[in-house]
Amino acid sequence: MSEAVRDALVKLKAQIGVIGLAALTPLLVLAAILQKLFATIFCCQSPKSILGEVAVVTGGGHGLGRAICLELAHKGCNVAVVDINLSGAEATVKQIQDSYQVRAKAYKANVTSYKEIVELNTQVVRDLGPVTVLVNNAGVLLLRKPLNPDPADVQLMMDVNLTSHFWTKAVFLPKMKELRRGFIVTIASLAALFPLAYSSTYASSKSGAMAHMRALRLELALEKQKNIKVTTVFPTFLRTNDEVRELSNNIGVRSFYPLISGEEVAQRVVSGMLRGESEIHLPGLTCILYRLLLVLPADWQDLAVRVLGRRVFNSFREIQS
Ligand SMILES: NC(=O)c1ccc[n+]([C@@H]2O[C@H](COP(=O)([O-])OP(=O)(O)OC[C@H]3O[C@@H](n4cnc5c(N)ncnc54)[C@H](O)[C@@H]3O)[C@@H](O)[C@H]2O)c1
């Protein structure tokens, strides 16, 4: 058989496979909805305990990271609060110690440095014990020149929001694999699913983080590490950060949806993590919107986002000009 005929047959097989999957999709969607309803009504996914475990939370010195540290401590978990800003991390530790009977310690580390993450692990293991909960929360959104960002800003956003997760994974995952348990939580953003105009670097870094975690879940499943859970979180604009709050006021985001508090996100993140949820969207409505938009052709999706976000994008341009 010639190569051309063989290729044509392989293409035909792939096309028949896709048509078969399309025919099955309504049934699969129904099955997924029923499974979710069943799990919710009968509370099938009972949460795991992290009492006495050790968590590392990056960017724990402010905002959502701090709220997650407090929520983990509330569940009885010891917390290594990691931040490039040590005084912020120390303030989080103080809040934990004022309210909970767990061990907490502040660490200064820059997540973009592999060497510092290796050193961090040595210190945390010595002070608190092996790490079984990793929260990749540290993130930056640099809006100094969104229409034409400086290369240094592009590099920093990619390094903090995406590359650092490869360093934390390389350093903390081996012990989890050895213990055959653990949790990895990555704070992405709705921007990963709905990339907006004038925030392409941030959106790319967060989409990359999503892809990284999806690949990691597959790898862990192939390695039969079913007790290491990987959760990616996609929040909308939060009330945690003054810059983001100001931006969302200026561009009128609040007319689409109110800003969410860090505490609300933290509770949802930790409870979802303990139930082994793979992806968490906040608010939940955005998950449905995303799936509905995804079935449209790409140029229709672009058009929908342009129409819905027209006011936001215009304000963005005005702010920058
Ligand atoms: N604020 C929002 O509206 C929003 C929306 C969606 C997703 N997110 C994501 O949630 C996460 C937390 O956001 P936030 O609003 O709480 O941020 P924040 O700016 O309030 O806090 C981030 C913390 O990370 C620390 N940090 C920054 N760079 C670091 C580095 N290189 N090494 C170590 N620590 C570093 C900062 O010092 C700070 O304490 C981020 O990943 C962000 O992208 C935020």
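Summing Cβ point charges (Lys, Arg +1; Asp, Glu -1) relative to the Cα centre of segment 108-256 gives a dipole of roughly 620 debye. A straight line joining the Cα centroids of segment 13-82 and segment 162-177 runs 19 Å.
For the chain, the share of alpha carbon pairs falling in successive 10 Å distance bins from zero is 5, 23, 32, 23, 13, 3, 1, 0 percent. Taking the Cα-to-Cβ direction at Leu179 and at Glu318 and moving 7 Å from each Cα, how far apart do the two end points lie in nm? A separation of 5.2 nm, rounded to one decimal place.
Which of the trypsin sites (Lys or Arg not before Pro) across segment 88-166 are loop residues per DSSP, with 16 or fewer other Cβ within 10 Å?
On the way: sites: Lys94, Arg103, Lys105, Lys108, Lys115, Arg126, Arg144; in loops: Arg103, Arg144.
Here the trypsin sites (Lys or Arg not before Pro) that fit, given the DSSP loop and packing criteria, are Arg144.
Within segment 168-241, the GluC sites (Glu not before Pro) that combine a DSSP coil assignment with at most 15 other C-beta atoms in a 10 angstrom radius are Glu223. Cβ crowding within 10 Å, taken as a proxy for footprinting-reagent exposure, orders Phe38, Phe183, Phe234 from fewest neighbours to most as Phe38, Phe234, Phe183.
Could you please rank Cys77, Cys69, Cys287, placing first whichever residue has the fewest other Cβ atoms within 10 Å of its Cβ?
On the way: Cys77 25, Cys69 29, Cys287 16.
Lowest to highest Cβ neighbour count: Cys287, Cys77, Cys69.
Judged by the mean number of other Cβ atoms found within 10 Å, the most tightly packed of the peptides 4-10, 128-134 leads the ranking 128-134, 4-10. Per residue, the chain reaches -18500 deg cm²/dmol at 222 nm when only DSSP H runs of four or more residues are counted, each adding -39500 (n - 2.57). In a DSSP loop and with at most 11 other Cβ atoms within 10 Å, the trypsin sites (Lys or Arg not before Pro) in segment 213-284 are Lys224, Lys226. Model label points for Asp127 and Val29, set 7 angstrom from Cα along the Cα-to-Cβ axis, are 5.0 nm apart. What is the log10 of I(q)/I(0) for segment 119-204, computed with the Debye formula using one identical point scatterer on each Cα and no solvent, at q = 0.11, 0.25 Å⁻¹? Result of the Debye calculation: -0.40, -1.19. Near the amide H of Thr186, within less than 5 Å, lie the amide hydrogens of Asn136, Thr231, Thr232, Val233, all on another chain or at least 5 residues away, with H placed in the peptide plane.
Sorted on the mean count of surrounding Cβ atoms within 10 Å across their residues, most packed first, peptides 81-87, 52-58, 166-172, 16-22 read 52-58, 81-87, 166-172, 16-22.
Here, each number is a calculation from the coordinates, and none is a lab measurement. Here the structure is a predicted model, which means the values were calculated and not measured. Note that each Cβ is placed from the backbone with ideal geometry, even for glycine, and that neighbours are counted across all protein chains shown.
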